[in-house]
Every structure is written in C-alpha cells, then in structure tokens.
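The values are calculated or read from the model by the stated rules, or taken from the named source; none is laboratory data. This one's a predicted model, so the numbers in the text were calculated from it and none came from an experiment. All Cβ positions, glycine included, derive from the backbone under ideal geometry; neighbour counts span all protein chains shown. Areas reflect the complete protein model, heavy atoms only, side chains present, ligands, DNA and RNA absent. Shrake-Rupley method; radii C 1.70, N 1.55, O 1.52, S 1.80 Å.
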Amino acid sequence: QVQLVESGGGLVQAGGSLSLSCAASGGSFATYSMGWYRQAPGKQRDLVALVYSSGDTNYADAVKGRFTISRDNAQNTVNLQMNSLKPEDTAVYYCSVRRGFIAYWGQGTQVTVSS
C-alpha cells in the first residue's frame, strides 16, 4: 500500500522560509515524477513544482526563483525549499507521485504566511 506523508508545514512571516518534506512508502518511485501541489481556500489545486525521474524540474511561474524542489530516490523522498514566502503562498500543500495514469497523494500540510 502506497503512502505519502508530508511534514514541515507551519506558520511563517512574509519573507521567511519553510522546508517541506514528503516520504513515500510501499514501493519504489525512481521512475515516477514527484511533485508538490497547493490548494488555497475556495481555489483549485495547482501545481507548485515537479521533479521528473530524469531530474528535470518544472515550477509554477508564481514560485520560480523562490522555491526549489529536490528528490532522493534512495530515500523515496521529495522536498520543497520555500524562500521569500508571501501571504499568497498560504495554502494546503500536497505531495504527489505519479507515472502515467497512476497518481498517489499525501494528506496535505498547511502553510500559512502572515503579512
């Protein structure tokens, strides 16, 4: 059974930093893309950052230059370093691993950025 467990969310002031981590278990995910999505109240869930099995990355325009995604295939983890946080980054952040039509999601972790 695949499980994704996020950690590292919390409350931070604008301009601050947070680091999110996601640990995947129940399989080997080296051939999966791994990513972070976020959902603010009343809004749809959007991609934040993605790291492919090749190591290539993709970022939402809103976070380029501020967020960095990384993965460790040996540990089955994906991390998101978030710097220069803004109030508009406030959301529930979800970890996801996917390959083709198969996708798994974590339970989400709240990130709140105060102004």
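Restricting attention to the range 47-56, and to residues there that are in contact with a strand residue (DSSP E or B) (Cβ under 6 Å, 6 or more places away or on another chain) and surrounded by fewer than 16 Cβ atoms within 10 Å (Cβ to Cβ), which single residue is nearest to R99 (Cα to Cα)? Explain how you work it out, then say what you get.
Here is the first cut: in the range 47-56, the residues in contact with a strand residue (DSSP E or B) (Cβ under 6 Å, 6 or more places away or on another chain) are 47-52.
With the extra rule that they be surrounded by fewer than 16 Cβ atoms within 10 Å (Cβ to Cβ), the set shrinks to 47, 52.
Numbers: L47: 16, Y52: 10 Å.
That would be Y52.
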Quiz item: What about L11, is it modelled with pLDDT of 95 or more and open to solvent by less than 40 Å² (accessible area, probe 1.4 Å)?
Solution: no
Exercise. Quick one: in the range 65-87, of everything that is polar (S, T, N, Q) and in contact with a Gly (Cβ under 9 Å, 6 or more places away or on another chain), which residue is farthest from M34 (Cα to Cα)?
Key: S84
Quiz item: Quick check: is even one residue across the range 34-54 in contact (Cβ under 8 Å) with a residue 40 or more places away in the chain, hydroxyl-bearing (S, T, Y) and either touching a Lys or Arg at 6+ places or on another chain (Cβ under 7 Å) or at positive phi (or both)?
Solution: yes
Quiz prompt | Hits in the range 20-46 - residues which are touching a Ser or Thr at 6+ places or on another chain (Cβ under 8 Å), open to solvent by 40 Å² or more (accessible area, probe 1.4 Å) and not small (G, A, S) | solution = T31
Exercise. Answer yes if at least one residue in the range 60-77 is under 13 Å from Y94 (Cβ atoms) and touching a helix residue (DSSP H, G or I) at 6+ places or on another chain (Cβ under 9 Å), and no otherwise.
Key: no
Quiz item: Among the residues of the range 68-83, which ones are surrounded by 14 or more Cβ atoms within 10 Å (Cβ to Cβ) and touching a residue at least 24 places away in the same chain (Cβ under 8 Å)?
Solution: I69, R71, N73, N76, T77, V78, N79, L80, Q81, M82, N83
Self-check item: Members of the range 99-115 found to be in a strand (DSSP E or B), closer than 25 Å to G65 by Cβ and not β-branched (V, I, T), listed by number
Solution: Q110, S114
